[in-house]
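Participant: Below are the C-alpha cells for one structure; questions will follow.
The values are calculated or read from the model by the stated rules, or taken from the named source; none is laboratory data. Fair warning: this is a prediction, and the values are worked out from it, not measured in the lab. Here the Cβ positions follow ideal geometry from the backbone for every residue, glycine too, while neighbour counts run over all protein chains shown.
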Amino acid sequence: MGSTLEDDTLKKKTEDQYLSDVVVIGSGNAGLSAAATAAEKGAYVIILEKRKNIGGNTIISGGVYNAVDPKRQQYQNIFDSKELHFGQTLKGGDFKGDQELVWILVDRALEGLQWLEKNGMKFQEHVFTIVGGIWPRSHQPIEPAGTGYIKTLKRLCFSLGVRILTGYRAEKLLYRKGRVMGVRCRDLQGKEFLFWAKKGVILATGGFSANVQMRSRYNPLLNDIIPTTNQPGATGDGILMGMEIGAAVTGMEYIQLNPYCEPKTGRLQTILTGAVEHLIYVNNEGNRFVDEGERRDVIADAFLRQKNATAYLINDSQDEFVQKGITHFGKTPEELIKKGHVIKGDTLEELANKIRVPFENLIRSIEKYNKSVELGYDSDFGRTLLKYKIERPPFYACPRVPAVHYTMGGLKINTKAQVLDGKGKPISGLFAAGEVVGGIHGANRLGGNAITETIVFGRIAGESVVRGLD
Ligand SMILES: Cc1cc2nc3c(=O)[nH]c(=O)nc-3n(C[C@H](O)[C@H](O)[C@H](O)COP(=O)(O)OP(=O)(O)OC[C@H]3O[C@@H](n4cnc5c(N)ncnc54)[C@H](O)[C@@H]3O)c2cc1C
C-alpha cells in the first residue's frame, strides 16, 4: 500500500538515502493528520510505516471521537461546554495531565472533527457516552471501527503528494549537532536506509501496550498473561528512539486496562454495545458490582476483583447499536451471536441459564437497576447515567475480562508538539503526536479522548514542523 522506493518522484541522495522536508514515523491518525497538515502548508512529506498496512491502532479502534459539539448536542438536549470537558479530562486523570495540553485538546476538538468532515469523513448525528467517557459527547463515524479516518486521511495525503512507504521500520533518529536531521530505518528484507528531513521528524508511532517487556518494566503486574486489545505494532518504538537522544518521558506507569476484551479471543471488536446508557455489568453471581458510568480505571479495578476477573455486559433490544443492526466495529448482532461472542436470551431466565449465573440474582439486579432508572437514583453504586431500563427482550450478554488497552505515558511535548528534553527544552527538529506522547490524559484517559488527541495534536505537529520551530 502506498509508494515504493521505485517511485521515481522520490528525491534520492544516494542509492539508500532519501531527502524530504518532513519525515513522519507511523501511519495511524496522528501520523496521517500530521503529514497531511504539513503537506497542506507546502512541505514534501514522507511517511514511514513498519507494518505492511497503514492504520495502526487507529484502524482497529472503535473510532469514537469526543468533542463539545453544540449543534449535535443541543439537538439531543445535552448540556456541555469546553470547560466541562476540560475539567472532566483533568479530574478523570487525577489532575496529573498537563493543563495547557488538556485545554488545547478540548478547545480544538470540534475544529479537528470539522476538518475531517470537510475532507469527506462522515459522523453520525447522534452523540452518546462511550465506556469511561463520562459524558455524552462521543461521536461515532459512519464507517465501521477506525476505517473512516484512515480512508479519509490517506486520500487527503495522496492528493497532497505525501509519500507513504510501508514495511520500513524506523530504528534510530539521526541526531547531529543538537538537531534531529532524519531517521535510519530498515525494510522487511533487513536493508538499511537513511531518510533525511530538512524541517524535522514527527514521531507518531503509537503506544506500547503490545510490548510486554516494556509495559511490565513500568507495571510488573502486566505480564504476558494479560491480553491486549492492541495491534502487534504498538511496541513503543518512538518513545525508545526519543529516549535514546535524551527526550523526557512522563506518566509511563499509567496503563489502562479498560475497555475489556473477550476472554477467549482477547478481542475488543466482538462487543455488542459501547453505549453506557444501555448496559449494566454483572459478575458470575449475577450481581452488579460497579457504577457502569465510572472512569475506566475504576471499572478495570472492579472487574479484577470478580472471580476470574470476568463479568458480563448485559443489555436489551432497545440498545442503539442493536436497533441500528450494526455495532461500532461494523458487526451485526446476528453475526456476533452466531459466532458465540454474544449470548442471546428471549427471556432473562433463558439468558441466565445460558451464561450460568443464578437466575434469581440476575432478575433482582435488573429489577433493582430498573427501579433506579425510574427514581433517577442508584442507591447501590451511585450511577448517575440512568436513562434506559433493561426490559425489552431479547436480552444479551457479552463476557469480558480486563486487557492492556492504552498507555497514557510517553514523550513529553510542549503546546507546539515539540519533544522536550530532560531540562524541558525542545529537541530541535523533533515533534510527536498521538499515543506516543505522555502527559495529556494523566493517570487515566477518558474513553473517546485518544482519537481526538491524535487529530488535534497531529495537526499541531504538522503546523509546527513547517513553521520551522526550534
Ligand atoms: C481496539 C481499540 C479500540 C480503541 N477505540 C478507541 C475509541 O473508540 N476512541 C478513542 O479515543 N480511542 C480508542 N482507542 C485508542 C486509539 O485508537 C489510539 O490511541 C490511537 O488510534 C493511536 O493513534 P496513533 O496515530 O497515535 O497510533 P497508531 O494508530 O497506533 O499508529 C502508529 C503506527 O506507527 C507504526 N509504527 C510503530 N513503530 C514504528 C517504527 N519504528 N517505524 C515505523 N512505523 C512504526 C505502527 O505500526 C502504527 O501503524 C482504541 C484502541 C484500540 C486498540
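Participant: Give the number of residues within segment 91-107 that are surrounded by 19 or more Cβ atoms within 10 Å (Cβ to Cβ) and either at pLDDT below 95 or more than 12 Å from residue 415 (Cα to Cα) (or both).
Facilitator: 4
Participant: Name the residues in segment 293-319 that are part of a strand (DSSP E or B) and touching a Pro at 6+ places or on another chain (Cβ under 6 Å), would you?
Facilitator: Initial filter on segment 293-319 (part of a strand (DSSP E or B)): 311-316.
Correct list: 312 only.
Participant: Looking at (1) outside the structural domain of residue 101 (by TED's automatic domain parsing); (2) assigned to a loop (DSSP other than H, G, I, E, B); (3) in contact (Cβ under 8 Å) with a residue 60 or more places away in the chain, can you tell me which one residue 379 breaks?
Facilitator: (3)
Participant: While we're here: Tell me yes or no: at least one residue of segment 155-163 is within 12 Å of the ligand (Cβ to nearest atom) and either in the same structural domain as residue 120 (by TED's automatic domain parsing) or over 22 Å from the mean Cα position of the chain (by Cα) (or both).
Facilitator: Checking segment 155-163: not a single residue is within 12 Å of the ligand (Cβ to nearest atom) and either in the same structural domain as residue 120 (by TED's automatic domain parsing) or over 22 Å from the mean Cα position of the chain (by Cα) (or both).
Participant: I want to confirm something. Restricting to segment 430-443 and keeping residues that are of a type outside the set (A, V, I, L, M), in a loop (DSSP other than H, G, I, E, B) and within 13 Å of the ligand (Cβ to nearest atom), which single residue is surrounded by the most Cβ atoms within 10 Å (Cβ to Cβ)? Walk me through it before giving the result.
Facilitator: Initial filter on segment 430-443 (of a type outside the set (A, V, I, L, M)): 431, 434-435, 438-439, 441-442.
Imposing the further condition that a residue be in a loop (DSSP other than H, G, I, E, B) reduces the set to 438-439, 441-442.
Filter once more, so that each one left must be within 13 Å of the ligand (Cβ to nearest atom): 438, 441.
On the way: 438: 27, 441: 31.
So the residue we want is 441.
Participant: Out of the residues in segment 393-415 that are outside any loop (DSSP other than H, G, I, E, B) and more than 30 Å from residue 463 (Cα to Cα), state the one that is farthest from the chain's Cα centre (by Cα).
Facilitator: Top of the filtered list is 395.
Participant: If a residue has to be in a strand (DSSP E or B) and touching a residue at least 40 places away in the same chain (Cβ under 8 Å) to count, how many in segment 10-30 make the cut?
Facilitator: Total meeting the criteria: 10.
Participant: So which of 16, 21 is at pLDDT below 95 and in the same structural domain as residue 150 (by TED's automatic domain parsing)?
Facilitator: 16
Participant: Could you tell me which of the residues 42, 55, 87 is closer than 27 Å to residue 411 by Cβ, under 18 Å from the mean Cα position of the chain (by Cα) and among the small types (Gly, Ala, Ser)?
Facilitator: Working: 42 fails: under 18 Å from the mean Cα position of the chain (by Cα); 87 fails: under 18 Å from the mean Cα position of the chain (by Cα).
Criteria check complete, one pass: 55.
Participant: From the list 348, 336, pick out the single residue that is without any contact (Cβ under 8 Å) to a residue 60 or more places away in the chain and surrounded by 21 or more Cβ atoms within 10 Å (Cβ to Cβ).
Facilitator: The unique qualifying residue is 348.
Participant: Please determine whether any residue of segment 152-164 is in contact with a helix residue (DSSP H, G or I) (Cβ under 6 Å, 6 or more places away or on another chain), within 26 Å of residue 422 (Cβ to Cβ) and modelled with pLDDT of 95 or more.
Facilitator: Checked against the condition, which is being in contact with a helix residue (DSSP H, G or I) (Cβ under 6 Å, 6 or more places away or on another chain), within 26 Å of residue 422 (Cβ to Cβ) and modelled with pLDDT of 95 or more, segment 152-164 yields no hits at all.
Participant: Right, another one. Please find, among 121, 181, the residue that is free of Cβ contacts under 8 Å to residues at least 40 places away in the same chain, farther than 19 Å from residue 50 by Cα and outside any helix (DSSP H, G or I).
Facilitator: 121
Participant: Working carefully through the options 33, 27, 81, find the one that is modelled with pLDDT of 95 or more and either surrounded by fewer than 16 Cβ atoms within 10 Å (Cβ to Cβ) or among the charged types (D, E, K, R) (or both). Don't jump to the end; show me each part of the working.
Facilitator: Numbers: 33 fails: either surrounded by fewer than 16 Cβ atoms within 10 Å (Cβ to Cβ) or among the charged types (D, E, K, R) (or both); 27 fails: either surrounded by fewer than 16 Cβ atoms within 10 Å (Cβ to Cβ) or among the charged types (D, E, K, R) (or both).
Of the residues listed, the single one that is modelled with pLDDT of 95 or more and either surrounded by fewer than 16 Cβ atoms within 10 Å (Cβ to Cβ) or among the charged types (D, E, K, R) (or both) is 81.
Participant: Here's a follow-up. I'm checking my understanding of the structure. Among residues of segment 37-58 that are among the small types (Gly, Ala, Ser) and closer than 18 Å to residue 19 by Cα, which one is surrounded by the most Cβ atoms within 10 Å (Cβ to Cβ)?
Facilitator: The extreme case among them is 38.
Participant: Just one of (1) over 22 Å from residue 56 (Cα atoms); (2) within 12 Å of the ligand (Cβ to nearest atom) trips up residue 194, so point out which.
Facilitator: Failing condition for residue 194: (2).
Participant: Moving on. Just name the residue that is farthest from the ligand (Cβ to nearest atom) out of those in segment 444-460 that are part of a loop (DSSP other than H, G, I, E, B) and in contact with a Gly (Cβ under 6 Å, 6 or more places away or on another chain).
Facilitator: Taking the candidates together, the pick is 444.
Participant: Determine whether residue 365 is surrounded by fewer than 14 Cβ atoms within 10 Å (Cβ to Cβ) and either on the phi < 0 side of the Ramachandran plot or modelled with pLDDT of 95 or more (or both).
Facilitator: Details: surrounded by fewer than 14 Cβ atoms within 10 Å (Cβ to Cβ): no; either on the phi < 0 side of the Ramachandran plot or modelled with pLDDT of 95 or more (or both): yes.
When the stated conditions are applied, residue 365 does not pass them.
Participant: Does at least one position in segment 65-77 carry a residue that is under 19 Å from residue 406 (Cβ atoms), near the ligand (Cβ under 9 Å from one of its atoms) and crowded, with 22+ Cβ neighbours inside 10 Å?
Facilitator: So far as segment 65-77 goes, yes, one or more of its residues are under 19 Å from residue 406 (Cβ atoms), near the ligand (Cβ under 9 Å from one of its atoms) and crowded, with 22+ Cβ neighbours inside 10 Å.
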